[in-house]
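Each reported figure results from applying straightforward, stated rules to the coordinates on display, with no laboratory input. Model, not experiment: these values are computed from the prediction. All Cβ positions, even for glycine, are placed from backbone atoms using ideal geometry, and neighbour counts span all protein chains on display.
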Amino acid sequence: MIERGHHDLGGRPAGKVERDEHDYELWERRIDAMAVLLGANKLLTVDQRRKNIEALPPALYDGLSYYERWLMSLAASLIERGLITSYELAAKIEQVARAATTTWAGCRRTRSRTRNTITSPGSGASTR
């Protein structure tokens, strides 16, 4: 008999499925767009993406959101296909992390009862 993968919840109790619509974060929309573009250009298949999601270790799989799983799968798929190297990916991650640190340095978040605000030195408050 074939053993089920950790991700295969078919027929098992898994809690309520939330079917309500929600806004997607910018990074989630970008991951989706990247998957669509890679598929449209025949650089990646849905099957390859699914294989890499299903290959995630159970603890990692359970700890990631839907689009975080997609991100992990896209990264693995791009490396497997030779479209990027793990070195190039690591360098890009470091570049993005540095840019994020620079962008948010000196900013402080404050919470009021009615809204979230971000205040940057010399820029005044902006509503989020």
query: Taking the simple approach of a point 7 Å from Cα along Cα-to-Cβ for both Gln95 and Lys16, what is their distance in nm?
result: 4.5 nm
message: Could you give each residue of the range 72-83 its phi-based ³J(HN,Hα) in whole Hz, using Karplus coefficients 6.51, -1.76, 1.60 with θ = phi - 60°, and x for Gly or Pro?
response: 4, 5, 4, 4, 4, 5, 5, 5, 4, 7, x, 7
- line: Residue-ordered couplings for the range 36-53, obtained by feeding phi - 60° into the Karplus form 6.51 cos²θ - 1.76 cosθ + 1.60 and rounding to whole Hz (Gly and Pro as x), are 5, 5, 5, x, 4, 8, 6, 9, 7, 10, 4, 4, 5, 4, 4, 4, 6, 5
